[in-house]
Amino acid sequence: MVAAPGDPGNALAVERLDRDVPVDIAYVGSCNGGKRDDIERAYEVVRWALDHGVMLPLRVQLFIQVGSEDVRRHAQEQGWLDAFEAAGARVISPGCGACIHAGPGVSTRPDQVTIGAFNRNFPGRSGPGAVWLGSPATVVASAFLGRITSFEALRGAAQAF
């Protein structure tokens, strides 16, 4: 499931998108979306991509924001942060972030598309670009494919890589 720009209530299944939606910024985490489970889901997709030689498209920025220093320590102990770095993701410290138009990961142009695993996508909230919402796995899968997709669809598309 994803939520189309404008309101978190604009939910639809990824498979029901009527067009490809390119992604410029993918953002996992926030004060409420950077829990251990969220970061672990992001890691699972990153690990799969690294294991299968799938790289981030050059035009896509991937941000992983841990929700607390405890989550950061846990992620470091598990080796997740090393995998994020190897994949080209930028890990961000806990605090207010792109979901409230603060810090790295905020769109800078109206033509940019963000997919974020945070809880709001109202116009202008994360910069002038459009913001879609998705689960951590959907966000990271979309980053690797360069368009909104599910992790399942990314695994299927890997045949083409």
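Just so it is clear, none of the values below were taken in a lab; they were calculated from the coordinates. Quick caveat, the model's predicted, so the values are computed rather than measured. Heads up, the Cβs are rebuilt from the backbone with ideal geometry, glycines too, and the neighbour counts pull from every protein chain shown.
Observations on the structure shown:
- Between Glu44 and Asp7, full extension at 0.36 nm per residue minus the direct alpha carbon distance yields a gain of 10.5 nm.
- Rg to Rh quotient for the stretch 17-79, alpha carbon positions, Kirkwood Rh: 1.02
- Positive-end residue of Thr114, Val46, Leu154, charge dipole of the chain with Cβ unit charges: Thr114
- Given the chain, longest segment not containing exposed loop trypsin sites (Lys or Arg not before Pro) (DSSP; at most 14 other Cβ within 10 Å): 60-161
- Built from the Cα atoms of the chain, the convex hull projects on average onto 8.2 nm², one quarter of its surface area.
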